[in-house]
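Since the structure comes first, as C-alpha cells, the remarks are kept for the end.
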Amino acid sequence: MSRTAETAGRHELLDHHPDEYPAVLGPTLAELGQPAYRARQIAGWVHERFAAGFNEMTDLPADLRAVLAARFSVSPLEMAFQARSRDGTVKHLWRLRDGEQVESVLIPSRERVTLCLSSQAGCALACRFCATGDFGFRRQLSAAEIVAQFRDAELVSRHVFGRGIANVVYMGMGEPMANLDAVLASLSILHGGFGFGARRITVSTVGLVPGIRALAARPEPFRLAVSLHAPEHSLREMLVPVEKRYPIPDLFAALREYQEAKGRRITFEYTMIDRVNDSAELAQSLADLLQDVDGFVNLIPYNPIPGRDWRPSPAERIQAFGRVLESRGVEAAVRRPRGLDIAAACGQLRLEREGLEVEEEPVVESDEAS
C-alpha cells in the first residue's frame, strides 16, 4: 500500500506549528493516560529529527505509537519519480494522497543546496513560457504538502550531497500568492517549526498584489522574487496574463511597500526569449522601471517546452541586455540553466510523465551534457 493511501483521512500534523501540538494531540494523550509532555516529544521527532512516521519515534510507548498512527499522519507524500542530472540537480515528482503530482528540485552549488518547491498542483495563471500552465490548475496544496516537500527533500539532500538544504525558494509549480493561506502557514512552520531562517526563504510571484502586501505585513524578513519577464504592459500581458489584473504600476506600488517594510532587495526574474523580450530597447525600459527600486535582475535563458516555437536568447544578446542594465546602475546576472537533461524547469517532468504509472522509484542518471 502506498504512503498516500495509508495516510488518507488522518489528521495531518505537518499542517501545524509545534506550538499547536499540545492542543492537537492533547485529547488523544489524555484518553490514553499519557503525560502532556508527549506532545512536545512528538513535535521534536517531526520538526527536529524529520520523522516521516510514528514507527520512527522509538522512545514513545508502542501502544501510543499504534494509536497515533491510526489517527494522525506525518507523511502525506509518496516519491513517484526521482531524476538526477549530470550537473548534480535532483528533481522529484511527488504523488499526493489523491493521485495528483507535484515537483520539487534540489540544486547544488559549491557553497549550498537550494530547494525549489511547489505550492499548487498545476497553475491557473497560464504564463506562456511555463510548462506548468499546460495542464492547468488542479488544486491547492495544503501547508503540510508544502512542508513535506522540504522535510523529504532535506533527507535526500543529506544522503546525496552530504549536507542539508541552505535555501528554499517557492518557485516550483503554482503561484504561491494564489494559495496564500497555506503558503503563509507553511512559512511559519518552516521558520518557527523547523528553525529555518526567514532570510533563507524566498517567495516568488508573478505579481499578485494582495499576496505581496500580506508578505510585507509579516514580521519575519522573508525574501521576495518577482517574475517580471517584460517591462512594458502589452508585452508582459502576452507573456504573463495576470498583468491585465495587476498592471505594472500597481505591482510596483506594492513592491515599494514591501521594500519600505522590509528594507530588502527584490529579485526580478526575467526569462530571455529570442526576439521576443530581449532587445536593447526593452533593457532600457527595464532599467527605467527599476530606478527607484532596490532590485537585482536574474536573466534566465528560456527553457524550451513542447508546443512553443520560441528559442532561448543567444548568449551574446543576453550579455548585451545585461550590459545595458549595468550601465544604468541595475545589478544583473545570467542564471546558468540547471538540470536541462532531466526536464528540471517547472512542470516539465510532470508533462513528460503524465499518464505513466511508475511502479518503482528509479533514479535516472543522465548521460547528456546540461
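The values are calculated or read from the model by the stated rules, or taken from the named source; none is laboratory data. These numbers were taken from a predicted model, which means no experiment stands behind them. Positions of Cβ are backbone-derived with ideal geometry, glycine not excepted, and every protein chain shown enters the neighbour counts.
In table form, for the structure just shown:
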read-out	value
Tally of residues being farther than 15 Å from Ser104 by Cβ, without any contact (Cβ under 8 Å) to a residue 60 or more places away in the chain and either among the β-branched types (Val, Ile, Thr) or not in a strand (DSSP E or B) (or both) across the stretch 124-157	2
Selection from the stretch 100-116 of residues that are of a type outside the set (A, V, I, L, M) and either surrounded by 22 or more Cβ atoms within 10 Å (Cβ to Cβ) or within 17 Å of Gly174 (Cβ to Cβ) (or both)	Glu100, Gln101, Glu103, Ser104, Cys116
Identity of the residue in the stretch 287-307, outside any loop (DSSP other than H, G, I, E, B) and within 26 Å of the chain's Cα centre (by Cα), that ends up farthest from Arg223 (Cα to Cα)	Pro301
Unmet criterion (only one of (1) at negative phi; (2) part of a loop (DSSP other than H, G, I, E, B)) for Tyr258	(2)
Check on Arg350, charged (D, E, K, R), part of a helix (DSSP H, G or I) and modelled with pLDDT of 50 or more	no
Filtered residue count, the stretch 13-70, keeping only those that are closer than 20 Å to Gly193 by Cα and of a type outside the set (A, V, I, L, M, F, W, C)	19
Residue satisfying condition, being basic (Lys, Arg) and in contact with a strand residue (DSSP E or B) (Cβ under 7 Å, 6 or more places away or on another chain), within set Arg213, Arg236, Arg265	Arg265
Unmet criterion (only one of (1) part of a helix (DSSP H, G or I); (2) out of contact with any helix residue (DSSP H, G or I) (no Cβ under 7 Å at 6 or more places or on another chain); (3) within 20 Å of Arg49 (Cα to Cα)) for His191	(2)
Pair list, Cβ under 7 Å, 6 or more apart: the stretch 88-102 residue in contact (Cβ under 8 Å) with a residue 12 or more places away in the chain, other residue crowded, with 20+ Cβ neighbours inside 10 Å and among the aromatic types (Phe, Trp, Tyr)	Leu93/Phe81; Gln101/Trp94; Val102/Trp94
